[in-house]
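This report concerns only the one structure given below.
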Amino acid sequence: MKKIAVIGTGYVGLVTGTCLAEIGHEVYCVDIDSQKIENLKKGIIPIYEPGLEELVKKNFESKSLSFTTEIREAVEKSEVVFIAVGTPPMADGSVNLEYVKTAAESIGKAMNGYKVIVNKSTVPIGTGDAVQRIVSTHYQGEFDVVSNPEFLREGSAVKDFMEPDRIVIGNGGEKGRGVMTELYAPLPGERVMTNIKTAEMIKYASNAYLATSISFINSIANICEKVGADVTEVAKGMRLDKRIGRYAFLDAGVGYGGSCFPKDVKGLIQIAHENNVSFDILDSVEATNEAQKQSLLPKIQTLLGKNLHGKRIAIWGLAFKAETDDMREAPALTVIKQLQDRDAEVVVFDPVAQEGARKILTNLEFANDFYKAVENADCLVITTEWKVFKDADLAKIKSLMKNPNVVDGRNVFEVELMKEKGFNYISVGR
Ligand code: NAD
């Protein structure tokens, strides 16, 4: 059992802290957001993440997990200190390291003996060295810095943390690596022991590669639509090639969003520029994704005509993907803006993102359920692949709509079935 401080209690920090408590450690989760910490102490979880609430409550009650705004106290008590603060993009796409540096400084000032400082935030190559420098200006004793990037996916974060494909441990020297090996001992998954810069690069390379797969398959989908091929069958055929792989990220749709892919693609483009390396593929990945986020509008206009003024359009799904309430860079936001710019009447429904959405979306209606959303609608547009949508009663949907038009940006329904049920149905690449 180790005493661990996790600095930053967002998606990654809260999941990391909670799961480390669950596997037997004593964890202090720290955040500068006092409201968030007060809520967590009362059992109010700031994010929607399947299975997380139960684990937080269980470990909080058993006292293996605690929440605080006192970084000094948490660091002083701990042998391992994780940095899990945000690394948002700046206007030019480069990574804002302000929060990481502030956290490193606070850690440095609170150091009272040997500790392993673990960088879990996604950071540009070389940030580990910067953390080392910042801490050592405040503390001259022994400590190790490790890069341990996180690969969890929002929506299945707890499972991903508990059953990782791999755990990457960059640097740390023999002592630091020993501590990290013991800390993760209860978890399965391959261990990748490497140097700090390689570990930092593994994270960017993985996310940029996954984003590339999505833009790649979306471009294939756009050709499929022109030539009459079916992109889902194409992806199935591709995945059978072992060099591509059965889990390859090849689901065509309305594009990627979220807090990671857009930011990390931009970040890696910037890192390439700074190192005078041309990485044109990534520029195209980004441009393709931006175009894809706008690709539903012409499909809606194919069904409703160019003029959308006064047309009632229902949007199913606000989150950037299913099983999360995260709306950062969600394609739904692009679609909604396009429709509002054309004076359409927009009504939205999302099973969990609705509350957060009320704070950022205006001039539209929120429906209480997905049937209510389609009442009297001229068109239904699907932007998130929530499982509840798949199970919808299609006959009921059709009877509620003014006109049975569906534009499916996530290929939730089967083309044949939708035709059979009498919908005018356009999806992606089929
Ligand atoms: P987030 O914005 O949800 O949370 C960051 C938290 O850090 C916030 O609660 C903020 O108040 C807190 N914070 C900032 N400065 C602090 C300080 N000095 N001391 C204490 N707390 C501080 O961010 P996130 O989505 O959890 O991402 C964190 C990092 O993990 C990023 O680098 C991200 O790229 C990476 N990452 C995210 C995911 C994901 O799915 N969200 C997955 C893998 C990696």
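Laboratory data are not the source of any read-out in this text; all were calculated from the coordinates shown. What you see is a predicted model; the values in this text were computed from it and never measured. All Cβ positions, glycine included, derive from the backbone under ideal geometry; neighbour counts span all protein chains shown.
Label points 7 Å out from Cα along the Cβ direction at Ile23 and Thr302: separation in nm?
Simple spin-label model gives 4.7 nm for this pair.
If you line up the Cα atoms of region 294-426 on their principal axes, what length do they span on each, largest first, in Å?
38, 32, 24
Sum -39500 (n - 2.57) across every DSSP H segment of at least 4 residues in the chain, then divide by the residue count to get the 222 nm mean residue ellipticity, nearest 500.
Taken over the chain, the calculation gives -13500 deg cm²/dmol.
When averaged across all projection directions, what area in nm² does the alpha-carbon convex hull of region 381-430 cover?
Details: hull surface 12.6 nm².
Convex hull of Cα atoms, orientation-averaged projection: 3.1 nm².
Taking amide hydrogens as modeled 1.01 Å from N in the peptide plane, which residues meet the under 5 Å criterion relative to Val146, leaving out close sequence neighbours?
Residues meeting the criterion, in which the H sits 1.01 Å from N, are Ile117, Val118, Asn119.
Normalise the Cα radius of gyration of the chain by 2.2 N^0.38 Å (N = residues in it) and let me know the number.
Output field value: 1.06.
Convert each backbone phi in region 334-339 into a coupling constant with the Karplus relation 6.51 cos²θ - 1.76 cosθ + 1.60 (shift: θ = phi - 60°), then list the ³J(HN,Hα) values in order as whole Hz, x for Gly and Pro.
5, 4, 4, 4, 4, 5
Estimate the FRET efficiency between Lys3 and Arg328 by the formula 1/(1 + (r/R0)^6), using the beta-carbon distance for r and 25 Å for R0, to the nearest 0.05.
It comes to 0.20.
Cut-off 10 angstrom, C-alpha nodes, Gaussian network model of the chain. Which of Tyr247, Tyr184, Tyr48 fluctuates the most?
Between Tyr247, Tyr184, Tyr48, it is Tyr247 that shows the largest mean-square fluctuation.
What is the extension gain from Lys337 to Lys387, computed as 0.36 nm multiplied by their sequence separation minus the C-alpha to C-alpha distance, in nm to one decimal?
Values: separation 50, 0.36 × 50 = 18.00 nm, distance 2.49 nm.
Using 0.36 nm per residue and subtracting the Cα-Cα distance, I get 15.5 nm.
So for the chain: antiparallel DSSP bridges make up what percent, rounded to the nearest 5?
5
Dipole size in debye (nearest 20) for region 3-194 around its Cα centre, Lys and Arg Cβ +1, Asp and Glu Cβ -1?
Here the size comes out at about 240 debye.
Looking at the chain as a GNM with Cα springs under 10 Å, which of Ile382, Ile83, Ile32 has the largest mean-square fluctuation?
Ile32
Count the net charge of all other residues whose Cβ sits under 11 Å from the Cβ of Gln354, scoring Lys and Arg as +1 and Asp and Glu as -1.
Numbers: positive: Arg358, Lys359; negative: Asp325, Asp350, Glu355, Asp369.
With Lys, Arg at +1 and Asp, Glu at -1, the net is -2.
Hey, in the GNM for the chain with a 10 angstrom Cα cutoff, which one of Cys19, Cys224, Cys29 fluctuates hardest?
Answer for the Gaussian network model of the chain: Cys224.
Run the quick spin-label model on Asn424 and Ala248: label points 7 Å from Cα toward the beta carbon, then report their separation in nm to one decimal.
3.6
List residues of region 75-89, by number, whose backbone nitrogen lies under 17 Å from a label position 7 Å along Cα→C-beta of Ala185.
Flagged as within label range: 79-80.
Over 27 Å between Cα atoms, which of Lys203/Lys293; Lys120/Lys337; Lys299/Lys419; Lys203/Lys299; Lys226/Lys387 qualify?
Lys120/Lys337; Lys203/Lys299; Lys226/Lys387
So if the hydrodynamic radius of region 160-200 is defined as the Kirkwood radius over C-alpha pairs, what does Stokes-Einstein give as its diffusion coefficient at 4 °C and 1.567 mPa s, in µm² per second? Mind showing how you got there, number by number?
Working: Rh = 10.4 Å.
Answer, rounded: 124 µm²/s.
Over all directions, how big on average is the projection of the convex hull of the alpha-carbon atoms in region 203-292, in square nanometres?
That works out to 6.2 nm².
For region 209-254, what does the convex hull of the Cα positions come to per residue, in cubic angstrom? Can you show the working numbers first?
Values: hull volume 2.9 nm³, N = 46.
It is 63 Å³ per residue.
Expressed in nm to one decimal, what extension gain is obtained for the pair Ala91 and Thr362 from 0.36 nm per residue of sequence separation less their Cα-Cα distance?
Going from the current span to full extension adds 95.1 nm.
At 0.890 mPa s and 25 °C, plugging the Kirkwood radius over alpha-carbon pairs of region 153-223 into Stokes-Einstein gives what diffusion coefficient in µm²/s?
Once the numbers are plugged in, D ends up at 173 µm²/s.
Sort region 1-135 into rounded, prolate or oblate with this rule: let a ≥ b ≥ c be the square roots of the eigenvalues of the Cα gyration tensor; rounded if a/c is under 1.5, and if a/c is not under 1.5, prolate when a/b is larger than b/c, oblate otherwise.
Taking the square roots of the gyration eigenvalues as a ≥ b ≥ c, region 1-135 is oblate.
Where does region 244-352 land on Rg(C-alpha)/(2.2 N^0.38 Å)?
So the Cα radius of gyration is 1.26 times the expected 2.2 N^0.38 Å.
Quick one: what are the phi-derived ³J(HN,Hα) couplings along region 8-17, Karplus 6.51/-1.76/1.60 with θ = phi - 60°, whole Hz, x for glycine and proline?
x, 10, x, 3, 6, x, 5, 5, 4, x
In whole Hz, with x marking every Gly and Pro, tabulate ³J(HN,Hα) for region 358-367 from phi via Karplus 6.51 cos²θ - 1.76 cosθ + 1.60, θ = phi - 60°.
4, 7, 10, 10, 10, 6, 8, 9, 9, 9
Check the straight Cα-Cα distances from Lys109 and name the lysines below 19 Å, setting aside those fewer than 8 residues away within the same chain.
Within the straight-line cut-off, Lys109 pairs with Lys3, Lys77, Lys101.
Using a 10 Å cut-off around each Cβ, can you sort Val168, Val6, Val265 from fewest to most neighbouring Cβ atoms?
Ordered by Cβ neighbours within 10 Å, fewest first: Val168, Val265, Val6.
Please work out how much length the chain gains when fully extended from Arg239 to Glu290, using 0.36 nm per residue of separation minus the C-alpha to C-alpha distance, in nm with one decimal.
Difference between extended and current length: 15.8 nm.
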